[in-house]
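We did not get these values from a lab; they are worked out from the coordinates using the rules stated. This structure is a prediction, so every number in the text was calculated from the model and none was measured. Every residue, glycine among them, receives a Cβ derived from its backbone with ideal geometry; neighbour counts consider all protein chains shown.
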Amino acid sequence: QQQVKQSPQSLIVQKGGISIINCAYENTAFDYFPWYQQFPGKGPALLIAIRPDVSEKKEGRFTISFNKSAKQFSLHIMDSQPGDSATYFCAASKDNAGNMLTFGGGTRLMVKP
Amino acid sequence: NAGVTQTPKFQVLKTGQSMTLQCAQDMNHEYMSWYRQDPGMGLRLIHYSVGAGITDQGEVPNGYNVSRSTTEDFPLRLLSAAPSQTSVYFCASSSSYLGQKNTEAFFGQGTRLTVV
């Protein structure tokens, strides 16, 4: 059973639009929630991360919204650009750090010019 | 500073063959992990290590062995390859959580393994 569920599997957005990817988790022991970005042929790279003591974190055009009671978190990409086209993974861990991550299934984002 | 280096980048094996995927990091990280990536399933943890001489199983450990004799290296061994092990393998390293300091996991470029 997948402990972190991610949707949608694929997403097409026009340049300048907002991309939204959602994740839901089951294990309440998770205490660290990163998002990773992966380009073809490359390894995942950390994009932004949040811990459950805050409900939102923003870094540039990327924002994580976190709802602890609903056990859900989402990534918002504002003013989406073609260069944002990649696969995005949400993840979670229980040690308040980036170790032993449980990943969602991934979302392939395409931003059309 | 190379980060996390994986070799080889590509490999084709016949069923029953053995091989070792190499992983090295130069960031003096305590934690190292191996993941496999399959379509629609994200990355799944195979084995991990919290320091030299210490390893443990992750979500999908069957068919894989690991050892950690040094801080820098964390090889993954397939003793008898099976077609179900066809996947892309990623090694990652990270440091221990220290207060609010960055505990990002750094990933290698991956090894694409095909078992025929």
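Okay, which of the stretch A:8-49 sit inside 15 Å, backbone N to the point 7 Å along the Cα-Cβ direction of A:S65? Taking a point 7 Å out along Cα→Cβ of A:S65, the residues of the stretch A:8-49 whose backbone N falls under 15 Å are A:8, A:18-24.
Taking other C-beta atoms within 10 Å as the exposure proxy, B:R112, B:R68 rank B:R112, B:R68 from fewest upward.
In the protein assembly as shown, the DSSP beta bridges split such that about 90 percent are antiparallel, to the nearest 5.
Calculated FRET efficiency, A:I12 and A:Q72, Cβ-Cβ r, R0 30 Å, to nearest 0.05?
Computed FRET efficiency for A:I12 and A:Q72: 0.85.
Of B:I54, A:I50, the sequence from fewest to most neighbouring Cβ atoms within 10 angstrom is B:I54, A:I50. Its Cα centre serving as origin, the stretch B:1-78 has a Cβ charge dipole (Lys and Arg +1, Asp and Glu -1) of approximately 340 debye.
On the principal axes of its alpha-carbon atoms, the stretch A:56-103 has extents of 34, 23, 16 Å, going from largest to smallest. From largest to smallest, the equivalent ellipsoid semi-axes obtained for the protein assembly as shown from the alpha-carbon gyration tensor read 29, 21, 16 Å.
Taken over chain B, the percentage of Cα pairs per 10 Å bin, counting from 0 up to the bin with the maximum distance, is 15, 48, 30, 6, 1.
In order along the stretch B:40-50, the Karplus-derived 3J(HN,Hα) couplings, from 6.51 cos²θ - 1.76 cosθ + 1.60 at θ = phi - 60°, round to x, 10, x, 10, 10, 6, 9, 9, 9, 9, 9 Hz, and Gly and Pro are given as x. Take the stretch A:36-78, drop everything but the C-alpha atoms, weight them equally and run the Debye formula without solvent; then report log10 I(q)/I(0) at 0.25, 0.33 Å⁻¹ to two decimals. With no solvent term, the Cα-only Debye profile gives -0.88, -1.14.
Taking only the C-alpha atoms of chain A, Rg followed by Dmax gives 13.2, 41 Å. Basic side chains Lys and Arg get +1 at the Cβ, acidic Asp and Glu get -1 at the Cβ, and with that the dipole of chain A about its Cα centre reaches some 220 debye. Between the beta carbons of A:A45 and B:R112, assuming R0 = 25 Å, the FRET efficiency works out to 0.90 to the nearest 0.05. Note that the stretch B:56-66 has calculated 3J(HN,Hα) couplings of 7, 7, x, 6, 10, x, 5, x, 10, 10, 9 Hz, one per residue in order, obtained from phi through the Karplus relation 6.51 cos²θ - 1.76 cosθ + 1.60 (θ = phi - 60°); glycine and proline are x.
Charges at C-beta only: +1 for Lys and Arg, -1 for Asp and Glu. How large is the resulting dipole of the protein assembly as shown about its Cα centre, in Debye rounded to 20? Mind dumping the intermediate values first?
On the way: 20 positive and 16 negative charges, 121 e Å.
Roughly 580 debye, rounded to the nearest 20.
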